[in-house]
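So the structure is just underneath, and the comments pick up after that.
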2 protein chains.
Amino acid sequence: MTDLPKRPLTLRDVSEASGVSEMTVSRVLRNRGDVSAATRDKVLEAAKELGYVPNKIAGALASQRVNLVAVIIPSLSNMVFPEVMSAISDVLEDTPLQPVVGVTNYKTDREEKVLYEMLSWRPSGVIIAGIEHSDASKAMLRGAGIPVVEIMDTDGTPIDNAVGISHRRAGRMMAEAIIRKGYRKIGFLGTKMPLDHRARKRFEGFTEALAKAGHEISDQEFYEGGSALAKGREMTEAMLKRSPDLDFLYYSNDMIGAGGLLYCLENGIDVPNDVGLAGFNGVELLKGLPKQLATMDSCRDEIGRKAAEIILSRVEDEDTAKGGQKIELTPTIERGDTMRPRSTEAAYPE
Amino acid sequence: MTDLPKRPLTLRDVSEASGVSEMTVSRVLRNRGDVSAATRDKVLEAAKELGYVPNKIAGALASQRVNLVAVIIPSLSNMVFPEVMSAISDVLEDTPLQPVVGVTNYKTDREEKVLYEMLSWRPSGVIIAGIEHSDASKAMLRGAGIPVVEIMDTDGTPIDNAVGISHRRAGRMMAEAIIRKGYRKIGFLGTKMPLDHRARKRFEGFTEALAKAGHEISDQEFYEGGSALAKGREMTEAMLKRSPDLDFLYYSNDMIGAGGLLYCLENGIDVPNDVGLAGFNGVELLKGLPKQLATMDSCRDEIGRKAAEIILSRVEDEDTAKGGQKIELTPTIERGDTMRPRSTEAAYPE
DNA sequence: TTGGGCCATGTTACCGCTGACTTGGCTTTC
DNA sequence: GAAAGCCAAGTCAGCGGTAACATGGCCCAA
């Protein structure tokens with residue numbers, strides 16, 4: 001079936017095996033141009049027989065087309081990003097484009113490096129998480145001359161296109177909902193900010209809206225690393241012991257929120273009456289907890305989908321007006337079982 | 001800073017800007033060969049000034065070296081695989097090699113397609129999950145003439161190298177531990193098998209060891225899709241209602257096990273005395289549940305690490321005896337809080 | 001002084017494939 | 001029956017780098 005000398009096969013091998021020119025083989029393998037049925041069959045058979053796999057490196061160089069889309073995200077262990085990836089893959093599934101992931105671990109220097117690596121493969125487009133980048137990264141993105149979509153966050157000025165939600169607004173929306181339900185003594189639990197701009201913006205929006213309603217955060221705590229569920233549990237315990245009068249805890253993500261929820265349930269705290277809880281992201285993973293945590297859907301599926309579509313349309317239609325779009329999606333609050341159904345004070349109309 | 005005509009930059013642009021030959025620029029950019037400090041600085045400055053990003057496509061074609069390692073896994077939403085990815089990335093971090101992921105969604109035809117795509121980029125090695133592949137995939141892997149490591153599973157004959165655990169043995173070990181602790185009426189809850197060979201093998205090993213000890217599975221149920229936590233909860237409820245005399249539930253993964261655990265706790269079932277529970281994988285994510293689910297560590301970190309090291313050594317040392325290795329790691333049982341500390345019947349010595 | 005050696009740089013020939021153009025044979029048309 | 005048209009296949013010149021070899025200037029030993 002195969003012979004020993006492991007020299008990789010080339011078009012020439014197939015062309016010799018099938019008695020036609022390399023060009024014809026190339027045409028057959030790409031379904032391009034007119035080739036007679038007889039020739040086509042002959043070539044396909046020879047290719048299969050030999051086990052020929054085309055060399056995209058050479059193909060890409062010759063045709064100046066590399067059908068890859070670079071997708072740059074902070075982490076794979078956050079669940080949120082694999083979900084976006086899936087949506088992107090879905091859209092690109094039946095197109096010539098193919099996503100390739102790069103992971104930055106939330107580090108600016110890694111982002112620069114990963115971006116450089118990716119761009120050196122001359123992809124057809126870039127989808128990159130976040131709207132904050134180093135100057136060097138921005139320069140690279142601008143200079144690449146390919147469509148760029150910044151995703152997840154719209155609070156800022158995109159380089160080209162952006163699809164996401166306003167995290168500042170998300171924080172505000174949640175604060176307003178919490179106040180509207182009559183909660184007043186509010187604690188915030190989140191990640192250490194410098195790492196995560198979106199969490200920071202939610203926090204800012206949150207405090208801002210509280211302030212506007214004449215309230216402020218009564219207690220706050222930030223964590224780093226470790227198992228989020230366990231951290232949520234620990235932090236909640238610490239905070240409730242320190243500030244027993246709190247009546248609401250807002251978590252910067254669902255996992256720590258779930259940890260907090262478990263803690264409260266175990267300790268006989270009446271959720272949502274004594275204490276209300278809310279997280280952020282709306283992760284599917286947590287469906288099945290004893291109570292459903294209030295949260296806010298971050299539109300990950302739609303973000304991935306739209307981002308991929310933008311790249312796609314730009315690639316298919318080279319001359320589309322180079323004007324970038326900014327698409328701000330609207331997250332929805334899912335009240336779950338950890339927020340009172342409505343205000344006990346009717347401070348705001350529902 | 002940049003000019004309008006968006007023709008991508010080439011070595012020639014840099015060479016003209018710095019007044020040396022293309023070759024010298026190439027040498028500088030790759031730190032190869034002797035270049036005087038003065039020239040080096042001149043070139044680097046010009047490159048930065050222009051914002052030049054080398055074209056790896058051309059470089060790879062010319063040098064016949066593509067420093068990519070294809071990593072082919074079934075899913076990104078399983079947590080298990082991102083963890084393996086991280087380990088691989090860690091090892092390759094400071095080497096010229098770079099991992100590239102492909103996702104098969106547990107489908108054989110997708111695997112074939114993804115593999116073909118990846119191989120057409122002529123990677124330096126392949127790391128692929130599982131040891132079961134279609135004939136076509138096997139042929140491709142064999143024909144590629146590059147190191148291949150099949151990971152996660154060692155129950156079978158590897159194409160080249162394999163690193164993983166024996167899932168049959170893992171199932172057996174868990175069955176033995178369960179019996180040893182004195183449990184007798186055992187239920188199994190898992191995924192529909194055809195999708196997942198490793199889950200199937202654990203099931204087989206499990207039943208086999210039970211049989212050897214003179215027992216058999218008293219009830220079983222299989223699910224597909226949906227949120228694992230919720231599914232675990234539902235299935236547990238259904239099973240315990242149907243077979244109230246069960247005293248142990250073995251879950252094919254930790255997520256459904258956690259769902260079951262939550263169900264039991266809420267319904268006042270005494271875990272681990274009335275009913276013992278165990279899952280599989282040892283996922284970090286779940287640390288923080290009310291009780292720690294008994295599970296078995298699947299050695300994901302070490303698997304990723306070893307696989308990457310094998311590829312690395314083979315790439316660095318082209319002529320290493322082409323003999324593939326098969327590394328079987330030994331998973332360890334973590335008893336957690338959902339298995340009795342020891343047998344009440346002393347059927348086996350601990 | 002002169003030949004040998006060495007270092008920094010340049011020259012040349014590809015890598016495997018594709019775009020654009022060319023060729024040759026056969027059909028069509030009047 | 002000859003010009004025109006068309007289809008299938010072939011030729012050739014790169015794509016943007018890099019390996020391997022060639023070159024020229026300088027230093028040093030004999």
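Read-outs: derived from the displayed coordinates by stated rules, not from any lab. These numbers were taken from a predicted model, which means no experiment stands behind them. For neighbour counting, all protein chains shown are included, and Cβ atoms are generated from backbone atoms with ideal geometry for every residue, glycine included.
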### Summary
Note to self, chain B gives a 222 nm [θ] from helices alone (DSSP H runs n ≥ 4, -39500 (n - 2.57) apiece, / all residues, nearest 500) of -13000 deg cm²/dmol
### Query
Between copies, how close do the B:SER63 label points come, placed 7 Å along Cα→Cβ, listed in nm from shortest?
2.5
### Query
Amide H to amide H under 5 Å from B:VAL148: which residues, 5+ apart in sequence or cross-chain, H placed 1.01 Å off N in plane?
B:VAL126, B:ASN161
#### Entry: 19 Å tail of the calculated P(r), region B:167-296, as % of Cα pairs
41 percent
### Task
Between the label point of B:ASP245 and that of the same position in each other copy, find the distances and list them shortest first in nm, with every label point placed 7 Å from Cα along the Cα-to-C-beta direction.
5.9
### Task
Specify the residue with the greatest mean-square fluctuation among A:ASN105, A:ASN67, A:ASN267, computed from a Gaussian network of chain A linking alpha-carbon atoms under 10 Å apart.
A:ASN267
### Task
Between B:THR157 and B:ARG40, take the C-beta separation as r, use R0 = 60 Å, and let me know the FRET efficiency to the nearest 0.05.
0.70
## Note on the structure
Computed over chain A, the convex hull of the Cα set has an average projected area, in nm², of 23.0 nm²
### Message
Please compute the alpha carbon radius of gyration of region A:11-54, then divide it by the globular-protein estimate 2.2 N^0.38 Å. Two decimals is fine.
### Response
0.96
### Message
How far apart, in nanometres, would the label points at B:LYS241 and A:LYS291 be if each is projected 7 angstrom from Cα along the Cα-to-Cβ direction?
### Response
2.4 nm
### Query
Normalised by the number of residues in region B:167-296, what is the relative contact order in percent for Cα pairs under 8 Å and 6+ residues apart?
25 percent
### Task
Would you mind computing, in nm to one decimal, how far apart the modelled labels at B:SER120 and B:ARG32 are, each placed 7 Å from Cα along Cα→Cβ?
2.7 nm
### Task
With both partners inside the protein assembly as shown, how many of the DSSP beta bridges are antiparallel, as a percent to the nearest 5?
5 percent
### Task
Treating only the Cβ atoms of Lys and Arg (+1) and Asp and Glu (-1) as charged, compute the dipole magnitude of region B:167-296 about its Cα centre; round to the nearest 20 debye.
480 debye
### Query
Any idea what the relative contact order of chain B is, in percent, if you count C-alpha pairs under 8 Å spaced at least 6 apart?
16 percent
### Message
If I build a Gaussian network model for chain B, linking alpha-carbon pairs within less than 10 angstrom, which residue out of B:ALA17, B:ALA213, B:ALA170 has the largest mean-square fluctuation?
### Response
B:ALA17
### Query
Which of A:GLY187, B:MET174, B:PRO74 sits farthest toward the positive end of the charge dipole of the protein assembly as shown, with +1 on the Cβ of Lys and Arg and -1 on the Cβ of Asp and Glu?
B:PRO74
### Task
With an 8 Å cut-off on Cα pairs and a minimum separation of 6 or more residues, tell me the relative contact order of region B:11-54 in percent.
40 percent
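What is the count of Lys pairs in region B:6-157 whose alpha carbons sit under 18 Å apart, if the two are 8 or more places apart or on different chains?
Step by step, the pairs that qualify in region B:6-157 add up to 4.
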### Message
Going 7 Å from Cα along the Cα-Cβ axis for the label, what nanometre distances separate B:ASP317 from the same residue across the other copies?
### Response
5.7
### Query
Per-residue mean of other chain beta-carbon atoms within 10 angstrom of the beta-carbon, peptide A:49-56?
5
## Note on the structure
GNM on chain B, Cα springs under 10 Å; top mean-square fluctuation among B:ILE165, B:ILE256, B:ILE217 goes to B:ILE217
### Task
Determine which lysines satisfy two conditions relative to B:LYS185: a Cα distance under 16 Å, and not lying fewer than 8 residues away in the same chain.
B:LYS212, B:LYS241
### Query
P(r) of the protein assembly as shown in 20 Å steps, Cα pairs, percent per bin?
16, 44, 32, 8, 0
### Summary
Rounded to whole angstrom, the alpha-carbon centroid of region A:164-230 lies from that of region B:197-258 at a distance of 40 Å
### Environment charge of A:ALA294, counting only residues whose C-beta is closer than 9 Å and scoring Lys/Arg +1, Asp/Glu -1
-1
